[in-house]
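The values are calculated or read from the model by the stated rules, or taken from the named source; none is laboratory data. As the structure is a computational prediction, the values presented were derived from the model and not from experiment. Neighbour counts run over all protein chains shown; Cβ positions are idealised from the backbone, glycine included. Protein only, heavy atoms only, side chains kept; ligands, DNA and RNA dropped before computing areas. Shrake-Rupley method; radii C 1.70, N 1.55, O 1.52, S 1.80 Å.
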Amino acid sequence: MSELIVEIDGHAFPARFETEAAPRTVAAFRDLLPYSERVIHVRWSGEACWIPLGDKDFGLPYENATSHPHPGQMILYPGGVSETEILLAYGPVAFASKAGPLAGNHFLTIIDKLDALAELGRGTLWTGAKPIRFHLT
């Protein structure tokens, strides 16, 4: 069941919150909705795109944290040794920054159209930033 839609460059992806595993992160992100930004390709982590959030402090602990999100999984890195960010995996990922390995809170999962997501991710690598929007269904 889709709880929200993630739109990237005109493509709509159904998604669900990981409320049981990351309740505080989900609540913090829900407070932002609807949310629009641009997504860019990662530098260090592999096949993923990210939304840099600078020094934004959500006041979150680690919950449901991972360094290796699967395709379609989104993680929120609450800051610390690197800037706060949201990362969306579209292929293999070893989440890291120039400071080294990181872990982020897996709070959202895209549940369909992962092939199209991978195509958009690779396209972001070659053509640059894409608009991204999150909204409830």
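On the basis of being part of a loop (DSSP other than H, G, I, E, B), touching a Ser or Thr at 6+ places or on another chain (Cβ under 6 Å) and in contact (Cβ under 8 Å) with a residue 12 or more places away in the chain, does Leu60 make the cut? Before you say what the answer is, go through the steps one by one.
Working: part of a loop (DSSP other than H, G, I, E, B): yes; touching a Ser or Thr at 6+ places or on another chain (Cβ under 6 Å): yes; in contact (Cβ under 8 Å) with a residue 12 or more places away in the chain: yes.
Yes: the conditions hold for Leu60.
Every residue in segment 88-137 that is of a type in the set (Asp, Glu) and part of a loop (DSSP other than H, G, I, E, B), please.
Initially, segment 88-137 is screened for residues of a type in the set (Asp, Glu), giving 112, 115, 119.
Asp112 - this is the single residue of segment 88-137 that is of a type in the set (Asp, Glu) and part of a loop (DSSP other than H, G, I, E, B).
Rundown of residues vs (1) farther than 27 Å from Pro23 by Cα; (2) of a type in the set (Gly, Ala, Ser), yes/no style:
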| position | (1), (2) |
| --- | --- |
| Pro92 | no, no |
| Leu117 | no, no |
| Leu120 | yes, no |
| Ala129 | yes, yes |
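Hey, any hits in segment 93-103 for a residue that's touching a residue at least 24 places away in the same chain (Cβ under 8 Å) and within 21 Å of Asp9 (Cα to Cα)?
No, the conditions are met nowhere in segment 93-103.
Suppose we keep only residues that are among the small types (Gly, Ala, Ser) and surrounded by fewer than 14 Cβ atoms within 10 Å (Cβ to Cβ) within segment 22-59. Which one would you say is farthest from Asn105 (Cα to Cα)?
Result: Ser36.
Kindly indicate which of Leu88, Leu102, Leu108 is over 12 Å from the mean Cα position of the chain (by Cα), buried (at least 19 other Cβ atoms within 10 Å of the Cβ) and not aromatic (Phe, Trp, Tyr).
Going through Leu88, Leu102, Leu108 in turn, the sole match is Leu102.
Counting only residues that are open to solvent by 30 Å² or more (accessible area, probe 1.4 Å) and of a type in the set (A, V, I, L, M, F, W, C), which one in segment 6-21 is nearest to Leu117 (Cα to Cα)?
Among those that are open to solvent by 30 Å² or more (accessible area, probe 1.4 Å) and of a type in the set (A, V, I, L, M, F, W, C), it is Ala12.
Any residue in segment 32-50 that is on the phi > 0 side of the Ramachandran plot sitting within a Cβ distance under 6 Å of a residue that is open to solvent by 70 Å² or more (accessible area, probe 1.4 Å) and in a strand (DSSP E or B)? List the pairs, counting only those 6 or more apart or interchain.
Listed pairs, sorted by first residue: Gly46/Pro92.
Quick one: is Gly80 more than 21 Å from Arg16 (Cα to Cα) and assigned to a loop (DSSP other than H, G, I, E, B)?
When the stated conditions are applied, Gly80 passes them.
Mind checking which pairs have a first residue in segment 65-90 that is at positive phi and a second that is open to solvent by less than 10 Å² (accessible area, probe 1.4 Å) and at pLDDT 95 or above, Cβ under 6 Å, 6 or more apart or different chains?
As it stands, the answer is Gly72/Ile110, since those pairs meet every condition given.
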